[in-house]
Amino acid sequence: MRRHKRWPLRPLASALVRSHFSSSAAETVTVSTATAAATGAFPLKHVTRSNFETTLDDLRSHVKAADFVAIDLEMTGVTSAPWRDSLEFDRYDVRYLKVKDSAEKFAVVQFGVCPFRWDSSTQSFVSHPHNFFIFPRQELTFDPPAHEFLCQTTSMDFLAKYQFDFNACIHEGISYLSRRQEEEASKRLETLYDEEGVDSVVETEDLKLVRLADLLFSERMKKKLNAWRSELLHGGNASSVESPGISNGSTQSAETVFYHMRPALSLKGFTSHQLKVIKLVLDKHFGDLVYIHTSDKSSCSQDFVVYTDSESDKENLMKEAKDERKRVAETKIQSAIGFRQVIDLLSSEKKLIVGHNCFLDIAHVYSKFVGPLPSTPEKFVASINNHFPFIVDTKILLNVNPMLHQRMKKSSTSLSSAFSSLCPQFESSSRRSDSILQQRVEIDVEVDNVRCSNWNAGAKHEAGYDAFMTGCIFAQACSHLGFDFKHHSQSENFAQNEKLDKYINRLYLSWARGDIIDLGTGHSNAENWRVSKFKYENIVLIWNFPQKLKAREIKECLCKAFGSTSVTSVYHLDNTAVFVLFKNSELVSNFLKLKQQLESDDGPVTIIHPLSKILEGGTTGAADYEAYKEICSSNISKILFSDQAETVGVRSRTRPDPIGPTSPETERIEKMVAVTNSASDLIDAFLANRVEVEAARTS
Amino acid sequence: MQRRFLSSVSASAGNSKALTHGRWSVKQVKKSNFKSALDEIRTSIDSSDFVALSLQNTGSYAAAWHRVSAIDTSHTSYFKAKYAAERYQILQFALCPFSLSGPKLTVHPYNFYLFPRDELKLGMPSYSFSCQASRLTAMAREGFDFNTCIYEGISYLSREQESASKFLSGNPILAEPIAAPSSPSTVADAVFVGRIRSRVKNWRQSCLDSRSKTGDDDLVSSLRKLVLGSEQYGSRLCLTIDVCSERQAQLILEMLTEFADDVVPLLMASKGRGTQAIRAVFMSSKEDMDLFKRELQDLENEDNMRVRGFREVIDLISSSQKPVVSQNYLSDFTSIHAKFLGPLPSNVDDFSSSLSSAFPNVVDLSQLMKEISPLSNISNLPAAMSSLNRFFAPVDVEVANQGSLLKLDEGHEKHGQNVVMTSQLFAKLSTIQRSHQSSVQSNEDLQALASDENVKVWSKNSRKVSSENLVFIWGLAKKVTASMLKSVLQKSHDVFATQKFDVKYLDRSCAVVVFWEKGSSETFLSAVNDEEKLVGSLREMVAEGLRVAGYESYKRACRLGFWEADLADSLDRTLESLDADSDADTRPSDISWTSELAINFDEL
């Protein structure tokens, strides 16, 4: 059913393709909204590059007036290798590295933005759901950095399952530049124009007229230009003089125009080589004629031969032309910023951003629109605050607040099920007959100045609708938390409200493990958030062991070598690698030392030693937890962990003095990242789709 | 439907556009019509002499220097092609079996949409792939339909993936006949086998009983099943024996040979965990057993069809042994090898031998083109075609694989035009070839010609130089043009003053100096690395950050896969890694590498 309710951009987009994108922005807007109303689909504002500029103006006022803005992103993938998924033994900094890797490698293809505003006149929220198609199209032509992104096959298939329109995204998606990219582009532009003078001299030097065709062409051009020039100088009114004979019948044409108040010939239909020859002819034979190349905003280039009446006039003209080119390039950069204008708007308005399990989303926003992600979670926390001071995660809200958790009736806190259990009034047909109506928050949808409070459900996993659902959940949750929208003035600030204080700027770093990162620097509520105490220094990583070995067998081998209680547990990372949790860190270095010994020794001991089973084949690698972090920080992503470890070049090794858990540095860090241990979390962790890890626990 | 391709078609821009858009009707194949198209393709290939192909990938190279250029030997070219083939995905595979008789070219063009959908939920054929934004934008401009491709593209598994998937898919596998008894058994083994044997015996007896007396009521028969643990496999009775190891599985299989007359063992595997159980299936008669084995075979074939997907087509081409014509041999066949055969070997020699076992006859059009018209650029098909106009070689194209006339308005039919042009170009070239050397008649001769590895470039500006004569230079304090750099270098050291050399930028970070005389590169390299010899402006430049390296380092960077965006960074990393492990790897393959390069300086 949802299929038919889908918005009509798809046929539209293919129509656009066929007509070579000639269709105007205005048409797109009217068609899309008109059809949406006709088919009864969820009213959603779809934005592509054709209607981006006009929409942005409206969005600006909506965001300014909004109480909070919900966002949601659709990406081309989540993990670049299976072992990059969130695993049992991922310390918070390793987890951050995995999120960083994901945000750096995958592209965002859809961005949902939905501002919500409390309307006291109707006693309801007004929402403006926007669905932006974005694509990292390279808009800048000068020395472009090759932009590449990764697609995870399963994610693409997932998007296809929910009828994602790839054509709309790639053909019509809005491009963007991050702040850093913009700075770099401007810098490149500057050097480009500084060098220009030098370059052009060399270019003409390099070109020599050797081919007969070139010689004939240059002779002919010389004659024509001479004729035009003398006509100009001696024939009175220059502008009325048509260039003689250049444009008879051929595709090439030259007509007299004005360029910066000077008489000029506009050259059309010449090849770039011919233009070079013309330039050469000018430099050689005509001191007062100047060749000018311009390109306007739509990257349509134009070539002129301009007459100058003096040497100083010539210099002026060259300077003017150069400035103009620079200005055009600057506007190009401005327009290439594209979708980032929306992000800049959210950032500058300092609105409360609402997302659902949104740490990855925020990381994407940072890496796509601000700059490269910092190397550590601490630096990230320090930096994100400058751009988005208030973020709230509805997943945290629903799991951590006992009252809301209870209200969820133990159902999953995935976005769609949270929406249906918290906001059933929007999905059931008997909206008005709800017995606990007074607790329900009314939410209207307004798109293109058409407001309605009665609408059909939209398509799941469409960023615009997901953002809307997230906002609805937040509004409803706030009402349950005791927010009284009705009796407060409009100026009530959600972000400053003490009822939300516990939840603001806290995001799930890893949902599966329940790790929470606090983005608000300075305040960590130690009484509510417990610090995770995994003994990471007790962990050894083993990879490339004989394929047939299972976790249980590895554990048996190790127990034979180090004593039956030496190993707490063994977990598979993937088929080629395991984590071994030893009882203490001494065993870690003992193991690594012993491994080294056995490998360098060829004696009979090596064969009968219990570890030989693991070391069989001679390629088995092992390292401590810090090496795992190093492996995760690499920008390479091999599918198998063993390949990754080999490629990154972490060979077996022991660390002379492993970083102790008591070093002040780690202590400080661990305070920032906390783990909740409330019962509700345990239930939820159980309900959530956990990463399957084969475990062999001691018991 | 015939269209005469006149050799007088001019090279102007207008015409080339007409050539690329919807000239011929190409059959478009996606998931829905793949099965039905497969038989048609089989006949097309059988009835043709050659097969042309053309691929559309999600990218070609990520940075300027990753592109194969004139300074690459066959080894470094291979590393570059390998890197690209492993990262990017084939979205469109155009295939054109064709035959040529006189001026008449009969083509059967097909265009397949591919998408590496994980049909078996095993993380295959590919976990992820890279896309170049600019490549996708360009494809969009040509009207490529990404929705069709991703929603309806045909999936596939490579040969290696298929054999791996057999044990992963969880389908029952007919046990291979036991050749020799396994290693001597222990007491524990004997006890285990004995226990299972008696269980099988009982079960078999009950099967025999139930066959003789059919009068049991339902309750009794279901009770019996419950007691004996007997189950049904399809309509047949079976017994499932769980095993904990491959060793146990082996023992049971050996034991079951005692009952080979009426019991067929099946291996039940689970995802990535090896054999989980053995299922003994009871056969009522000899005929029943044959039938059962045939059923299993059919099931496997159907499953294979589903698993292999598009690779069926590759296998068809491969088994037909027809010569395959490709516009860009290296990039096309590294992609084909990586996606449909198996992981790419680590060096070019292994690649060639691995590839030739699947495709013994491959015609590289760009080589063929260079033989005849050395200056033309093969990457632009219409231009290449028009550059051959000075030869009289008329070619009639007949599209043979369409029932209905083309409906160009549909917009879809036009994809895959390139492959028809490729076959057309081949036809033209071979006609010209034939008129030049009347002795060349058979395909084998054409083969010999195409596989010739020596690149002869007939350009004024090109010369053969040894790769040893190249020096890479980077870390310049400020950006200068190549000619400025040349004049700076000229003043910096004697070797530049006395020897002829040229300078070109390979990307924005790194330039290459080509010495036209042997030995000069060593002089220069040692001068930079020697504290005492380093004087004057060269010393000044080194102090400002200038670094140099010989061709060895470049080769090493390619081999070790240091594909940084800037060549300078890659070379820096290579030098670092050299410092790190001092045992500079002198692999035998390194020494045998051909060092002769034919550099066309215009192409650099």
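The values are calculated or read from the model by the stated rules, or taken from the named source; none is laboratory data. Being a predicted model, the structure only gives us computed values, none of them experimental. Virtual Cβ from ideal backbone geometry, glycine too; neighbours counted across all protein chains shown. Remember, those area values only see protein heavy atoms, side chains included, never the ligands or the DNA or RNA. Shrake-Rupley method; radii C 1.70, N 1.55, O 1.52, S 1.80 Å.
It is to be established whether one or more residues within segment B:574-594 are under 19 Å from B:D494 (Cα atoms) and modelled with pLDDT of 85 or more. There is no residue in segment B:574-594 that is under 19 Å from B:D494 (Cα atoms) and modelled with pLDDT of 85 or more. Across segment A:377-406, what is the number of residues that are among the basic types (K, R) and under 13 Å from A:V365 (Cα atoms)? Residues flagged as among the basic types (K, R) and under 13 Å from A:V365 (Cα atoms) within segment A:377-406 amount to 0. Taking the criterion of being more than 13 Å from every other protein chain (Cβ to nearest Cβ) and either under 43 Å from the mean Cα position of the chain (by Cα) or at pLDDT below 65 (or both), no residue of segment A:194-234 qualifies.
Please verify whether A:K284 is within 37 Å of the chain's Cα centre (by Cα) and surrounded by fewer than 17 Cβ atoms within 10 Å (Cβ to Cβ), treating the condition exactly as stated. Considered against the rule, which asks whether it is within 37 Å of the chain's Cα centre (by Cα) and surrounded by fewer than 17 Cβ atoms within 10 Å (Cβ to Cβ), A:K284 comes out as no. The number of residues in segment A:439-469 being among the acidic types (D, E) and either over 20 Å from A:L422 (Cβ atoms) or outside the structural domain of A:G355 (by TED's automatic domain parsing) (or both) comes to 2. In segment A:48-73, the residue that is surrounded by the fewest Cβ atoms within 10 Å (Cβ to Cβ) out of those that are under 24 Å from A:S155 (Cα atoms) and away from chain B (no Cβ under 14 Å) is A:L73.
Here's the yes/no breakdown for (1) touching a Phe, Trp or Tyr at 6+ places or on another chain (Cβ under 7 Å); (2) within 29 Å of A:A81 (Cα to Cα); (3) in a strand (DSSP E or B):
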{"position": "A:L549", "(1), (2), (3)": "no, yes, no"}
{"position": "A:K555", "(1), (2), (3)": "no, yes, no"}
{"position": "A:K560", "(1), (2), (3)": "no, no, no"}
{"position": "A:L587", "(1), (2), (3)": "yes, no, no"}
{"position": "A:L594", "(1), (2), (3)": "no, no, no"}
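Conditions tested, residue by residue: (1) of a type in the set (A, V, I, L, M); (2) modelled with pLDDT under 80; (3) in contact with a His (Cβ under 8 Å, 6 or more places away or on another chain); (4) more than 24 Å from B:D290 (Cα to Cα).
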| site | (1), (2), (3), (4) |
| --- | --- |
| B:D189 | no, no, no, yes |
| B:F192 | no, no, no, yes |
| B:L208 | yes, yes, no, no |
| B:L219 | yes, yes, no, yes |
| B:G234 | no, yes, no, no |
| B:V243 | yes, yes, no, yes |
| B:E246 | no, yes, no, yes |
| B:E254 | no, no, no, no |
| B:T257 | no, no, no, no |
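The single condition among (1) modelled with pLDDT of 85 or more; (2) under 39 Å from the mean Cα position of the chain (by Cα) that A:S566 does not meet is (2). Selection within segment B:42-59: residues that are open to solvent by less than 40 Å² (accessible area, probe 1.4 Å) and assigned to a loop (DSSP other than H, G, I, E, B). The member of this set that is farthest from the other protein chains (Cβ to nearest Cβ) is B:S48.
Count, please, the residues in segment A:371-381 that happen to be assigned to a helix (DSSP H, G or I) and either closer than 18 Å to A:V78 by Cα or within 10 Å of the chain's Cα centre (by Cα) (or both). Break it down stepwise before answering.
Looking only at segment A:371-381, we keep the residues that are assigned to a helix (DSSP H, G or I), and these are A:377-381.
Now restrict to residues that are either closer than 18 Å to A:V78 by Cα or within 10 Å of the chain's Cα centre (by Cα) (or both): none.
Total meeting the criteria: 0.
Restricting attention to segment A:520-534, the residues that are at pLDDT 60 or above and in contact with a strand residue (DSSP E or B) (Cβ under 6 Å, 6 or more places away or on another chain) total 0.
Taking B:A62 as the residue in question, decide whether it is open to solvent by 10 Å² or more (accessible area, probe 1.4 Å), in a loop (DSSP other than H, G, I, E, B), in contact (Cβ under 8 Å) with a residue 40 or more places away in the chain and within 23 Å of A:H147 (Cα to Cα). First the steps, then the outcome.
Values: open to solvent by 10 Å² or more (accessible area, probe 1.4 Å): yes; in a loop (DSSP other than H, G, I, E, B): yes; in contact (Cβ under 8 Å) with a residue 40 or more places away in the chain: yes; within 23 Å of A:H147 (Cα to Cα): yes.
Spelling it out, B:A62 is indeed open to solvent by 10 Å² or more (accessible area, probe 1.4 Å), in a loop (DSSP other than H, G, I, E, B), in contact (Cβ under 8 Å) with a residue 40 or more places away in the chain and within 23 Å of A:H147 (Cα to Cα).
Checked against (1) under 30 Å from A:K64 (Cα atoms); (2) open to solvent by 10 Å² or more (accessible area, probe 1.4 Å); (3) within 23 Å of the chain's Cα centre (by Cα), A:K105 passes all but a single condition, namely (1). In segment B:133-159, of all residues being assigned to a helix (DSSP H, G or I) and among the small types (G, A, S), the one that is farthest from the other protein chains (Cβ to nearest Cβ) corresponds to B:A138. Scanning segment A:360-399 for residues that are modelled with pLDDT under 90, under 19 Å from A:Y92 (Cα atoms) and of a type in the set (A, V, I, L, M, F, W, C) turns up A:F380, A:V381, A:A382, A:I384, A:I396. What's the number of the only condition in (1) within 42 Å of the chain's Cα centre (by Cα); (2) assigned to a helix (DSSP H, G or I); (3) buried (at least 19 other Cβ atoms within 10 Å of the Cβ) that A:E646 fails to meet? Among (1) within 42 Å of the chain's Cα centre (by Cα); (2) assigned to a helix (DSSP H, G or I); (3) buried (at least 19 other Cβ atoms within 10 Å of the Cβ), the lone unmet condition for A:E646 is (3). When segment B:72-92 is filtered for residues that are open to solvent by less than 10 Å² (accessible area, probe 1.4 Å), assigned to a helix (DSSP H, G or I) and among the hydroxyl-bearing types (S, T, Y), the ones remaining, listed by number, are B:T76, B:Y78. Contact map, segment B:470-498: residues that are within 11 Å of another protein chain (Cβ to nearest Cβ) and of a type in the set (V, I, T) paired with residues that are in a helix (DSSP H, G or I) and open to solvent by 10 Å² or more (accessible area, probe 1.4 Å), Cβ distance under 9 Å, separation 6+ or inter-chain. Pairs shown: B:V480/A:V198; B:V480/B:V488; B:T481/A:E195; B:T481/A:V198; B:T481/A:D199; B:T481/A:V202. When B:L168 is tested against the conditions (1) at pLDDT 70 or above; (2) within 24 Å of the chain's Cα centre (by Cα); (3) open to solvent by less than 60 Å² (accessible area, probe 1.4 Å), the lone failure is (1). Looking at B:V264, B:V281, B:V313, B:V325, just one residue is among the β-branched types (V, I, T), modelled with pLDDT of 80 or more, part of a strand (DSSP E or B) and over 26 Å from B:R247 (Cα atoms), and that residue is B:V325. Residue count for segment A:442-456, restricted to those that are assigned to a strand (DSSP E or B) and open to solvent by less than 70 Å² (accessible area, probe 1.4 Å): 6.
Residue by residue, here is whether (1) in contact with a Ser or Thr (Cβ under 8 Å, 6 or more places away or on another chain); (2) open to solvent by 20 Å² or more (accessible area, probe 1.4 Å); (3) more than 9 Å from chain B (Cβ to nearest Cβ); (4) among the hydroxyl-bearing types (S, T, Y) holds:
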site: A:V113; (1), (2), (3), (4): no, no, yes, no
site: A:F125; (1), (2), (3), (4): no, no, yes, no
site: A:H128; (1), (2), (3), (4): no, no, yes, no
site: A:C151; (1), (2), (3), (4): yes, no, no, no
site: A:F158; (1), (2), (3), (4): no, yes, yes, no
site: A:Q163; (1), (2), (3), (4): no, yes, no, no
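Scanning segment B:101-117 turns up at least one residue that is free of Cβ contacts under 8 Å to residues at least 40 places away in the same chain and within 11 Å of another protein chain (Cβ to nearest Cβ).
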